[in-house]
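Enquirer: Dropping a structure here in structure tokens format, bear with me for questions.
Bear in mind that the values in this text are calculations on the coordinates, not laboratory data. Model, not experiment: these values are computed from the prediction. Cβ sites come from the backbone with ideal geometry, for glycine too, and all protein chains shown count toward neighbours.
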């Protein structure tokens, strides 16, 4: 019987692990993990309960770590994610420093592209033992086939012909979302800010843009093939052809594996800008978002911090705020919303001013779990 919940929180000054029983009423918090390091993401692999952390340091640079004792001790990856490209002509493999690409992909000889940080670590499918995926900045996808000991760059995506036209969002040119189709082992989605959604149907050999009908309100060509600023994407594993995304320019749903997208916010929501999106663990049509006034005024809509919930895949929305501060100008970053796996789901939301809120009843009521943390960059929940 699963009776323990861990909430894994990454902040700009380290990580925290909150623990409770299944009632989720009282929480204990660990000592700070990776003190003074920037922790972008902490994730538990449900296949073996190993914790993985994406970290970086202004002196030591980006790396990943793993823990087999629920965060009591950590081991650094033997070979960290590095933008290294295999030789195409019999010469030794070279780093991208020799490829002379800027962060936006332009061929600028005096501005080489270097690894900046890992944003997201995603466990592989149930039938992919030891496989992990990682998204990084500048936009790149890595795979590990040894439980996070070593990482290899996916070169077809890194060398994609569109790359020279991708533009960095405010957080840089970042691959922040990885979605694995649980029913099709060759299909995967990634999202890049600001390039949009790309899909592979041949296990990463080729990648195609899937952004039809997604608005790029900041561009003169408002519905381009690619160049949209996806903030976060999600799916429910029981229905992988239905995708949801929170975008710079709205909230969208695709009912056909990304082939086209439907605007599910227009006329329903008071704003079109926000970052996180999550799906209920047992109700595939129930989704959660947090909105901000606009890309110019990045604060709570009407000065009242809220979570919006839809229980019909975005056809209608309800503003959920019971227990949340009604006079607060808060921001939630793209990785800082998560759900646990209980039927009466726990929903967890962290702010960039250090508050961690949670609901024990699928969003109806909210409580404060922690305050005065460093800026929260990611939240994940693990039930063991």
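Enquirer: Can you put 329, 231, 65 in order, fewest other beta carbons within 10 Å first?
Expert: Going from sparsest to densest Cβ surroundings: 329, 65, 231.
Enquirer: Hey, another quick one. Quick check: residue separation of residue 341 and residue 225 times 0.36 nm, minus the Cα distance between them. What number comes out in nm?
Expert: The residue 341-residue 225 span can extend by a further 38.2 nm.
Enquirer: Still on this structure, I have one more. Set the Förster radius R0 to 30 Å, insert the Cβ-Cβ distance between residue 208 and residue 183 as r into 1/(1 + (r/R0)^6), and round the FRET efficiency to 0.05.
Expert: On the way: r = 19 Å, r/R0 = 0.64.
Efficiency, from the Cβ-Cβ distance: 0.95.
Enquirer: What is region 284-384 by shape, rounded, prolate or oblate, if you read a ≥ b ≥ c off the alpha carbon gyration tensor as root eigenvalues and call it rounded for a/c under 1.5, prolate for a/b larger than b/c, and oblate otherwise?
Expert: Cα axes put region 284-384 in the oblate bin.
Enquirer: Here are some values of Rg and Dmax of the Cα atoms in Å: (1) 20.2, 71; (2) 21.5, 71; (3) 19.7, 63. Which one was computed from this structure?
Expert: Answer by label: (3).
Enquirer: Fully extended, how many nm does the chain gain between residue 13 and residue 159 (0.36 nm per residue separation, minus their Cα-Cα distance)?
Expert: Using 0.36 nm per residue and subtracting the Cα-Cα distance, I get 49.2 nm.
Enquirer: Here is a follow-up. First measure r as the distance between the Cβ atoms of residue 282 and residue 79, then evaluate 1/(1 + (r/R0)^6) with R0 = 41 Å and state the FRET efficiency to the nearest 0.05.
Expert: Numbers: r = 38 Å, r/R0 = 0.93.
Result of the calculation: an efficiency of 0.60.
Enquirer: Note down the nm distance, to one decimal, between modelled labels 7 Å out along Cα→Cβ at residue 312 and at residue 35.
Expert: 5.3
Enquirer: Run the helix sum for the chain: -39,500 (n - 2.57) per DSSP H stretch of 4+ residues, divided by residue count, reported at 222 nm to the nearest 500 deg cm²/dmol.
Expert: Working: 1 runs with 4 residues, N = 384.
For the chain, the value works out to 0 deg cm²/dmol.
Enquirer: Under 14 Å from the 7 Å Cα→Cβ point of residue 26, by amide nitrogen: which residues of region 356-384?
Expert: none
Enquirer: Let me ask something additional. Order of 158, 275 from fewest to most other C-beta atoms within 10 Å?
Expert: Least crowded to most crowded, the residues run 158, 275.
Enquirer: Where the centre of each part is set by its Cα atoms, how far does region 283-298 sit from region 125-188, in angstrom?
Expert: 24
Enquirer: Further question on the same structure: Note down the nm distance, to one decimal, between modelled labels 7 Å out along Cα→Cβ at residue 302 and at residue 328.
Expert: Label at residue 302, label at residue 328, 1.7 nm between them.
Enquirer: Could you tell me which of rounded, prolate or oblate describes region 1-59, using a ≥ b ≥ c as the square roots of the eigenvalues of the alpha-carbon gyration tensor, with rounded for a/c under 1.5 and, failing that, prolate when a/b is larger than b/c and oblate otherwise? If you can, show how the numbers build up before the last one.
Expert: Details: a/c = 3.58, a/b = 1.69, b/c = 2.13.
Taking the square roots of the gyration eigenvalues as a ≥ b ≥ c, region 1-59 is oblate.
Enquirer: With a 10 Å Cβ neighbour count serving as the proxy for reagent exposure, in which order, fewest first, do 305, 223 appear?
Expert: 223, 305
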